[in-house]
Amino acid sequence: MLKDPPNDLPTFSDEVYPPSQESRLLMDGKPEGPIVIPVDFSLDSVEAVKQGYALSVSSKEPVHLLHIIPDLDDKSSKGKRKKSEKKIRKQRDRASDRMAKFLRKNDIPAAFKKKGIKYYTSLARGEPLAAILAAAQKVRAGIIIMGCGRNSGPSSNLLGTTTERVLRLAQRPVMVVKYQLNKNK
């Protein structure tokens, strides 16, 4: 025969634990602050931009599209410094061209202009986690929206390393999205 549970268990009613103002804002789907979207040009990034666009239409907050360029292994001596600077410029120019192509291909400028939404693009150099968190802090982001990441191997059903780390360490809400294959099914 089962015994009744003890009466000292906590209860979870609205009277005891009222929702905070912040959680209501998030449930309404309107962040208070710009929307930061790290872009790696993948299909998941396209989905993140779509979600950011929809959120921006309702909240009227600007969107910041951020692409991170990895640091080069800088083991340069004085003689190799010019080569290193040239590689950095070339890498930055290539990333800038890819961002412009990504914007055009996905018709981002026209869509944002049509709704009167401001958007900004920027390139950052360094470790992705640090760059994303720094950008979010710099613009006082209301939310970070990012793709789930691309893993391979036995852990392919898990989040990407950077995405998982941003989820754990960001001091603001993070939305993770994934491009849905076979949408017609």
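Here, each number is a calculation from the coordinates, and none is a lab measurement. None of these values were measured; they are calculated from a predicted model. As a convention, Cβ positions derive from the backbone with ideal geometry for all residues, glycine included, and neighbour counts pool all protein chains shown.
Tabulated data for the structure shown
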item: Extended-chain gain in nm, criterion 0.36 nm per residue less alpha-carbon gap, Tyr179 and Lys114; result: 21.0 nm
item: Footprinting exposure proxy for Ile143, Ile69 (fewest neighbouring C-beta atoms within 10 Å first); result: Ile69, Ile143
item: Mean Cβ neighbour count within 10 Å, used as a protection proxy, ranking 105-113, 40-48 highest first; result: 40-48, 105-113
item: Exceeding the 32 Å Cα-Cα cut-off - candidates Lys114/Lys178; Lys90/Lys138; Lys86/Lys113; result: Lys86/Lys113
item: Pairwise FRET efficiency - Arg168 versus Ser42, Cβ, R0 = 22 Å, nearest 0.05; result: 0.55
item: Length released on extending from Ile88 to Lys105, taking residue separation times 0.36 nm less the Cα-Cα span; result: 3.6 nm
